[in-house]
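Below is one structure, written out as structure tokens; comments come after it.
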Amino acid sequence: MPSKTWSFNRGIAANYLKRFWPLWGAWLAGLLLAAVSLAQTGISSFGPDSTYNVWNFGVTLLSTSELFAMGTAGIGVLTAMAMFHYLYQPRESGMMHTLPLRRESLFLTVYLTGLLPLLGAELLVTLIGMLMTLPGRYALAVSWLQWFGVLALGTVAFYGFAVFCAMLTGHWLVLPAVYAVLNLTAVVVESTGRDLLSLFVYGMRIPSGLKLGFLSPPYQLATKLSRHMLTAPAERIDGTGMLNVYEVANGYTLEGYGWLVGYAVAGLLLAACALLLYRRRRLETAGDVVAIAVLRPVFKYCLSLGTALVFADLLLAMVFQQPRGGYGMAALVLGLMIVGAFIGYFAAEMLMQKTLKVFRARAFRGFAAVCAVLCLFVGLNELDAFGYERRVPDANEVDYITVLNAKIDEPETVEALIELHRAAIADKARQERGWAEGALNVMTFELSYTLKNGGTLERLYSVFTNADELADPDSLGWQLERCYNLPEFLRERVTLSFPVTARSVQYATLDVQQPRIDGDWQPSQSVTLTGEEAAALYAEGILPDAEALHIGHRWYMDPDGSRATAATTNVTLNMLLVGDTSEEHAWLDIPVETDSRNTIRWLEENKGITVVPISELNGDEANPSPIAVHR
């Protein structure tokens, strides 16, 4: 009987459907339960403000689709394990491949038998949900179709990748491990590598995002998929004849879904690659950890290096919470990585050779090559062979610098920050010894350069201060304090991106400390300000004092707090402001200083508050200074 190519075998498909229907039934039941619950909740919420509720339900629906898109990662690998289980049993593999079918036809039948029931379950649930919410709510039909699109794309993406992973191994228990590892390798390697480098590479800052995150679909989808409600202003005349302006929902926007489309295309391409591997797969590899001979050394060395990174990072994360630096730390990182590499390398040997007797001279030669790579990795970075630690941009290359969440772009301040950066590099040896020598104070400063060519450069330094450093006005700590109290920083600390007006002030109070009574601390007094009063205090007191450099200082070289106590008063202004939209909020917390003349004058003339230095307020515990803080 001649074999057929590129044909779908209904007999095999029917057999698989009979055997594995509980798998797809469980997926259908889970989707149906969630969809019905959502639909009932949405119907009950449709009320007078139906437009808002309809759009809000659409946003809620899409948020659940994002969760189920991540769930397709699990159902995809389970389905691949079920569909290609015969590849992992020698007898069943031989039986399947004696059928009068070419491998292309067999692969196509098994692949589609796994995929189509998943898509069918998702489509059926979509139609049911659509019918439940359709009467009078036709806009939700689009939301349900988008819900189906997200699930279907996720299913195609993750199932295709799982099928590809199924071709790489001959053991059914190894398949989910390979699938998980390949899905997360980019994230784990980059994050652990950065963590380890930050321990001994001077000035290295761990970025919040990952550059290689796009190689890890679960990570990228979890961080990129989002939806937001769109609103528009509307006007309404209330019962008193007053005009009210409010926001109404008129739709939503989807973000990051292009990544899902890209991963679905990648899933189809990987399925095609799986077919190419399947055509050349040897039947005797059933039961092997790695089914493709050329990938066995790749598996061994990748497992060794990956275990080295994860092992060292986990142990060091339990001990060190801050960068330490120096040759000692680099040696410790290298030692732990070698231990981790030993575990991973010989574990891989045991798995592939199916024996514990793997400690032979030939194996140790391969392990020595891994150790050489690790030594090269640590050594080149510790010796700054790539110039990372020495890199300082010129002022004419810098567009602006982000420091303390402030965007600094005045030439004088930029020059000062660059000089501070150079001083930190010059002080590397002493700063790396700071942990061992002990310190009275530990500060950190972070510089995030945005360059004119579009590039970025980020650095993070810890500054250790002892008694000698406090006495040296040219030490790094004093340079940091002088730099952070330059005029631009003082203005930034009291300036908002939107104006402070009576309308924008949502909440404003004065926190007034009270004198001690018989040596006991007294609770602070809270004086509430109206929006008009807060705006006036800000305009007539805070801003003029900031321009005069009399408010907004920070005392970093002050381990015992004595300098801050001598320069601050018993009054702190707290304001919560809202901008033009409900999403714009800002909080100002401004301690009044002894030199804040305009602010002190306003407080005395308008609120009857006598402002005194904290040092005078505390005074002698036996004879506290008699003062009136509010009348």
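Order these peptides, 105-111, 347-353, by their mean beta-carbon neighbour count within 10 angstrom, highest first.
Details: 105-111: 21.1, 347-353: 17.4.
Highest mean packing first, the order is 105-111, 347-353.
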Hits among lysines - C-alpha to C-alpha of residue 300 under 27 Å, sequence gap 8 or more where chains match:
211, 354, 357
List, in order, the whole-Hz ³J(HN,Hα) value for each residue of the range 557-572 obtained from phi through the Karplus relation with A = 6.51, B = -1.76, C = 1.60 and θ = phi - 60°; use x for Gly and Pro.
8, 8, x, 9, x, 5, 5, 5, 5, 6, 9, 10, 10, 8, 10, 10
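So if each residue of separation counts as 0.36 nm, and I subtract the Cα-Cα distance between residue 430 and residue 528, what length gain in nm does that give?
Values: separation 98, 0.36 × 98 = 35.28 nm, distance 4.86 nm.
Gain on extension, residue 430 to residue 528, equals 30.4 nm.
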May I have the convex hull volume per residue, in Å³, for the Cα set of the range 406-456?
105 Å³
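Residue 145 to residue 385: FRET efficiency via 1/(1 + (r/R0)^6), r the Cβ-Cβ distance, R0 35 Å, to the nearest 0.05?
Numbers: r = 54 Å, r/R0 = 1.56.
So the FRET efficiency works out to roughly 0.05.
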Extreme residue, positive dipole direction of the chain, given options 531, 416, 33 (C-beta unit charges)
33
If amide H atoms are modeled at 1.01 Å from N in the peptide plane, then the residues at a separation of 5 or more from residue 399, or on another chain, having amide H under 5 Å from its own are 450, 451, 452
Work out the length of the dipole vector of the chain about its Cα centre, built from +1 on the beta-carbon of each Lys and Arg and -1 on the beta-carbon of each Asp and Glu, and round it to the nearest 20 debye.
5440 debye
Residue 566-residue 507 pseudo-label distance in nm [points 7 Å out on the Cα-to-Cβ vector]
3.6 nm
Just to verify a number: what accessible area does residue 370 come out at with the full protein assembly present, 1.4 Å probe, Å² rounded to tens?
10 Å²
Whole-number D in µm²/s for the chain (Stokes-Einstein; Kirkwood sum over Cα pairs; 20 °C, 1.002 mPa s):
70 µm²/s
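In the range 149-181, which chymotrypsin sites (Phe, Trp or Tyr not before Pro) fall in coil by DSSP and have 14 or fewer other Cβ atoms within 10 Å? Could you put the intermediate results ahead of the total?
On the way: sites: 158, 159, 161, 164, 172, 179; in loops: 172.
Qualifying residues, ordered by number: none.
What 222 nm value per residue comes from the helices of the chain, counting each DSSP H run with n ≥ 4 as -39,500 (n - 2.57) and dividing by all residues, nearest 500 deg cm²/dmol?
-18000 deg cm²/dmol
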At a 1.4 Å probe, what is the % contribution of carbon and sulfur to the accessible area of the chain?
61 percent
How many nm is it between the label spots at residue 17 and residue 601, if each spot is 7 Å from the Cα in line with the beta carbon?
8.8 nm
Using the C-alpha atoms of the range 275-368, what convex hull volume per residue, in cubic angstrom, is computed?
142 Å³
Determine the shape class of the range 446-509: with a ≥ b ≥ c the square roots of the Cα gyration tensor eigenvalues, call it rounded for a/c under 1.5, and otherwise prolate if a/b is greater than b/c, oblate otherwise.
oblate
Hey, if you put +1 on the Cβ of every Lys and Arg and -1 on every Asp and Glu Cβ in the chain, which of 120, 149, 569 ends up farthest toward the positive end of that dipole?
120
When the chain is fully extended, how far beyond the present Cα-Cα distance does residue 180 get from residue 514, taking 0.36 nm per residue of separation?
114.3 nm
Listed residues 425, 441, 451: farthest to the positive end of the dipole of the range 418-457 (Cβ charges)
451
Estimated vicinal HN-Hα couplings, Hz - the range 454-459 in sequence order (Karplus 6.51, -1.76, 1.60; Gly, Pro = x):
x, x, 9, 8, 10, 9
Pairwise centroid distance, computed over Cα atoms, of the range 354-413 with the range 261-286, Å:
35 Å
Apply the membrane-span-like helix rule to the chain: whole DSSP H runs, Cα extent along the own long axis of at least 18 Å, mean Kyte-Doolittle hydropathy at least 0.5. List the helices found.
10-45, 50-83, 103-133, 139-166, 174-200, 257-279, 296-319, 326-353, 361-382
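The values are calculated or read from the model by the stated rules, or taken from the named source; none is laboratory data. Note that the structure is predicted; figures quoted are calculated from it, not measured. A quick note on method: Cβ atoms are made from the backbone with ideal geometry, for glycine too, and the neighbour counts reach across all protein chains shown. The protein model used for the area step is the full one, side chains on, heavy atoms only, and it has no ligands, DNA or RNA in it. Shrake-Rupley method; radii C 1.70, N 1.55, O 1.52, S 1.80 Å.
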